[in-house]
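Report on one structure; see the data block that follows.
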Amino acid sequence: MSLTDAAFEAEPVHVEVVHGKGPWRLAWERLRRDKAAVASMVVIVLVALLAILAPLFALVTGHDPLTQYPSTALTPEGLPVGPGAEFWLGADSLGRDLFVRLAYGARISLLVGLSATVLATVFGVVVGLLAGFYGGWVDGVLARVLDVVLSFPYLLVAIVLVAAVGASVPLTIFVIAFFSFAAMARVVRGQTIGFREREFTEAVRSLGASPLRIMVIDVLPNLVAPVTVLASLLIPTSIVFEATLSFLGLGVDPRTPSWGAILADSTDFYRVAPGLLVFPAVLLLLTTLAFNLLGDGIRDALDPRR
């Protein structure tokens, strides 16, 4: 062995391994650099904690969300008291703790918003996939169904359903999901039509793959990004939808704490008890704004051109 070979073998060789980043990791890194999206996530987490810890707040304050405390929560004139040591944000017109009711109302808003969005997304993706992939008479029938759903006056339908069944959380979720899935289905349909004629779809079709296999294995993964963005924007829409129905007395049971119902209760007392109007309105505004900004951030993060 020559001296040159010995020196070559003795010298350590350092090999730097370069790990590639997947599209979802790149999207997460872009999202973390978006200050508005990060702030929105913080707000959403705080609202979620408010909802999760609602029973704890009720235990600490000693006030049930449905119990009235007329001797301490109402003035001698029968007006609700303002914020103080016993009632942190004051009381409502019936002498119930406003803070505790807002905490339980956050549960209703998040439950309805997330549940309705999940149902609308699942149903919209299925309908959009079928209409866009098969085309022909299937697309024609489903497209007309979507047109009919979008043309329905949702308030009239809600009034009829509440009159027939009665106000409840499941009914509210169903109504919101029913009137929200059509927008999702239209987007999925348009995307599916484009993917249906792409080279990778033609390749697997030529190999004998079934339509179901092509839709689920080849087309559906390419729809994750637009569906995720649209679903994140459907959540605040569903929350506002629920608050509107509850404000009109058509949403959840009137005895159930809801931000919309609390706002409706404030219409006669907002001059003497502005907290009844301000606190639920601010919570509703911050929550919907946070979800909208987060949805915009997700859209930008999933866009490879940015």
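The values are calculated or read from the model by the stated rules, or taken from the named source; none is laboratory data. Please read these numbers as outputs of a predicted model, since none were measured by experiment. Cβ atoms come from the backbone with ideal geometry, glycine included; neighbour counts cover every protein chain shown. Quick note on the areas: whole protein, heavy atoms, side chains included, nothing else; ligands and nucleic acids left out. Shrake-Rupley method; radii C 1.70, N 1.55, O 1.52, S 1.80 Å.
So that you can scan it fast, the table gives a plain yes or no per residue for (1) at pLDDT 85 or above; (2) over 18 Å from ARG32 (Cα atoms); (3) crowded, with 21+ Cβ neighbours inside 10 Å; (4) in contact with a Cys (Cβ under 7 Å, 6 or more places away or on another chain):
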residue	(1), (2), (3), (4)
THR256	no, yes, no, no
ALA264	yes, yes, no, no
LEU276	yes, yes, yes, no
ASP296	yes, no, no, no
LEU302	no, no, no, no
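Figure legend. Inter-residue proximity from the stretch 194-208: first residues among the polar types (S, T, N, Q), second residues in a helix (DSSP H, G or I) and at pLDDT 80 or above, beta-carbon distance below 8 Å, spacing 6+ or different chains. Indicated pairs: THR201/PHE195; THR201/ILE214; THR201/ASP218; THR201/VAL219. No other residue among THR237, THR228 is closer than 22 Å to PHE181 by Cβ, surrounded by fewer than 19 Cβ atoms within 10 Å (Cβ to Cβ) and among the hydroxyl-bearing types (Ser, Thr, Tyr) apart from THR228.
Taken together, the residues in the stretch 160-169 that are open to solvent by less than 80 Å² (accessible area, probe 1.4 Å) and aliphatic (A, V, I, L, M) amount to 4. The single residue among ALA91, ALA131, ALA120, ALA48 that is closer than 21 Å to PHE279 by Cβ and out of contact with any Pro (no Cβ under 9 Å at 6 or more places or on another chain) turns out to be ALA48. Contact map, the stretch 156-178: residues that are closer than 15 Å to ASP253 by Cβ paired with residues that are of a type in the set (Gly, Ala, Ser), Cβ distance under 6 Å, separation 6+ or inter-chain. Pairs shown: THR172/GLY251; ILE173/SER115; ILE173/ALA116; VAL175/ALA158. Is one or more of the residues making up the stretch 143-152 in contact with a Phe, Trp or Tyr (Cβ under 6 Å, 6 or more places away or on another chain) and of a type in the set (Ser, Thr, Tyr)? Checking the stretch 143-152: not a single residue is in contact with a Phe, Trp or Tyr (Cβ under 6 Å, 6 or more places away or on another chain) and of a type in the set (Ser, Thr, Tyr). Selection of the stretch 94-127 for residues being under 13 Å from the mean Cα position of the chain (by Cα) and farther than 30 Å from LEU56 by Cβ yields ALA120, THR121. Restricting attention to the stretch 28-79, the residues that are in a loop (DSSP other than H, G, I, E, B), out of contact with any strand residue (DSSP E or B) (no Cβ under 6 Å at 6 or more places or on another chain) and open to solvent by less than 30 Å² (accessible area, probe 1.4 Å) total 1. With the condition kept exactly as written, say whether any residue in the stretch 128-140 is among the acidic types (Asp, Glu), outside any helix (DSSP H, G or I), more than 16 Å from the chain's Cα centre (by Cα) and surrounded by fewer than 23 Cβ atoms within 10 Å (Cβ to Cβ). No, the stretch 128-140 contains no residue that is among the acidic types (Asp, Glu), outside any helix (DSSP H, G or I), more than 16 Å from the chain's Cα centre (by Cα) and surrounded by fewer than 23 Cβ atoms within 10 Å (Cβ to Cβ). Is it the case that the stretch 80-100 has a residue that's in contact with a Lys or Arg (Cβ under 9 Å, 6 or more places away or on another chain), open to solvent by less than 20 Å² (accessible area, probe 1.4 Å) and among the charged types (D, E, K, R)? So far as the stretch 80-100 goes, yes, one or more of its residues are in contact with a Lys or Arg (Cβ under 9 Å, 6 or more places away or on another chain), open to solvent by less than 20 Å² (accessible area, probe 1.4 Å) and among the charged types (D, E, K, R).
When the stretch 175-220 is filtered for residues that are of a type in the set (Gly, Ala, Ser) and open to solvent by less than 70 Å² (accessible area, probe 1.4 Å), the ones remaining, listed by number, are ALA177, SER180, ALA182, ALA183, ALA185, GLY190, GLY194, ALA203, GLY208, ALA209, SER210.
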